[in-house]
Amino acid sequence: MTGTVRNIYCVGRNYKLHAAELGNDVPEEPMIFTKPTHALAAMEGDLLELPQGKGEIHYEGELVLHISKPYSPGMTVDELVDSFGLGIDFTLRDVQSVLKKKGHPWLAAKGFLNSAALSPLRPFPGAAELEKTEFKTVRNGETVQRGNIGDLIFPLQTIVDYVAANYGLGAGDLIYTGTPAGVGACADGDVFELLWGGETFGRCTVKL
């Protein structure tokens, strides 16, 4: 899919309307969590098996960056990123709610197998060019999410600088940049498509 994937970084609450729909405060700095590389799953029309019996699983469609080289201070997004795609951060929402109340890490809710769905990657046209196009999450033929990176609370440059400074950033890393409003629960047999403008980047059918 992407060669060797090293780290999967994810940005939480990076669209104001999404934070609001879940009743969360807007963060003052990027909220970063990770997923194991074993969570990665290709969105190439296949069946995607997700956990059963653990409560609601929510879909969160996102723009995903692929890092091509080690970060050095002062490097721009356009220098670091060679390709991008669209992905779904699948989340065990009921499990996450319990973990949040207990103050525990989110791994059980965010890092399960197949929780990081990802379309095939495309050449990165530059951050400014990406703002010209809207991405969509389509569930069973109905558009449920619309996003544009121009609406990010923390723009792409802020994200890469923050991740690099705090955790490191290098070739093979992926960054899920955050999800817009419209997340919801999956049902068995749901068909998800991720669209960039009018083009389908990725597709999968959920099996619960």
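Taking every protein chain into account, the 1.4 Å probe leaves residue 71 with about 50 Å² of accessible area, to the nearest ten.
Using θ = phi - 60° in the Karplus curve 6.51 cos²θ - 1.76 cosθ + 1.60, the 3J(HN,Hα) couplings for the range 168-179 round to x, 8, x, 4, x, 6, 10, 10, 7, 8, x, 10 Hz; x is entered for Gly and Pro. Each Lys and Arg adds +1 at its Cβ and each Asp and Glu adds -1 at its Cβ; summed about the Cα centre, the chain shows a dipole of about 540 debye.
Normalised by the number of residues in the range 119-208, the mean separation of alpha-carbon contacts (under 8 Å, six or more apart) gives a relative contact order of 34 percent.
Using DSSP to define loop residues, name the trypsin sites (Lys or Arg not before Pro) in the range 124-174 whose beta-carbon has at most 15 other beta-carbon atoms within 10 Å. Before the final figure, lay out each step's value.
Working: sites: 132, 136, 139, 146; in loops: 132.
Those that pass, being in a loop and sparsely packed, are 132.
Computed over protein heavy atoms with a 1.4 Å probe, the carbon and sulfur contribution to the accessible area of the chain reaches 48%. The HN-Hα couplings worked out from phi for the range 116-122 by the Karplus form 6.51 cos²θ - 1.76 cosθ + 1.60 (θ = phi - 60°) are 10, 6, 8, 6, x, 8, 10 Hz, whole numbers, x standing for Gly and Pro.
Per residue, the chain exposes 44 Å² of accessible surface when a 1.4 Å probe is rolled over the protein heavy atoms with every protein chain present. Measuring with a 1.4 angstrom probe and ignoring ligands and nucleic acids, residue 58 comes out at about 20 Å² accessible.
Going by accessible surface with a 1.4 Å probe and the largest first, 203, 6 read 6, 203.
The H on the amide N of residue 144, modeled in the peptide plane, is under 5 Å from the matching H of 137, 138, 139, each at least 5 residues off or on a different chain. Surface listing: 75, 43 arranged by accessible area from highest to lowest gives 75, 43, probe 1.4 Å.
Its convex hull of Cα atoms gives the chain a direction-averaged projected area, equal to a quarter of the hull surface, of 10.5 nm². Amide H contacts under 5 Å for residue 13: 179, restricted to partners 5 or more places along the chain or on a different chain, H placed in the peptide plane at 1.01 Å from N. 3J(HN,Hα) along the range 62-78: 8, 7, 10, 9, 10, 8, 9, 8, x, 6, 10, x, x, 6, 8, 4, 5 Hz, from the Karplus curve 6.51 cos²θ - 1.76 cosθ + 1.60 with θ = phi - 60°, whole Hz, x for Gly and Pro. Helical content of the chain, expressed as a calculated mean residue ellipticity at 222 nm, amounts to -4500 deg cm²/dmol (DSSP H runs of 4 or more residues, -39,500 (n - 2.57) each, divided by residue number, nearest 500).
Please state the charge dipole magnitude for the range 73-129, taken about the Cα centre, from unit charges on C-beta atoms (+1 on K and R, -1 on D and E), reported in debye and rounded to the nearest 20.
Working: 6 positive and 6 negative charges, 119 e Å.
Magnitude of the dipole: close to 580 debye.
Quick check for me: using +1 on Lys/Arg Cβ and -1 on Asp/Glu Cβ, what's the dipole size of the range 11-123 about its Cα centre, in debye to the nearest 20? Can you show the working numbers first?
Numbers: 11 positive and 15 negative charges, 86 e Å.
Dipole of the range 11-123, to the nearest 20 debye: 420 debye.
Rounded to the nearest 5, what % of the DSSP beta bridges within the range 29-177 are antiparallel ones? It would help to have the intermediate numbers written out before the result.
Working: 22 of 25 bridges.
Around 90 percent of the beta bridges assigned by DSSP in the range 29-177 are antiparallel ones.
Pairwise Cα distances in the range 40-93 exceed 19 Å in 48 percent of cases.
The values are calculated or read from the model by the stated rules, or taken from the named source; none is laboratory data. None of the values given here were measured: they were computed from a predicted structure. Quick reminder, even Gly has a Cβ in these numbers, built from the backbone with ideal geometry, and neighbours come from all protein chains shown. To get the accessible areas, we keep the full protein, side chains included, count just its heavy atoms, and leave off ligands, DNA and RNA. Shrake-Rupley method; radii C 1.70, N 1.55, O 1.52, S 1.80 Å.
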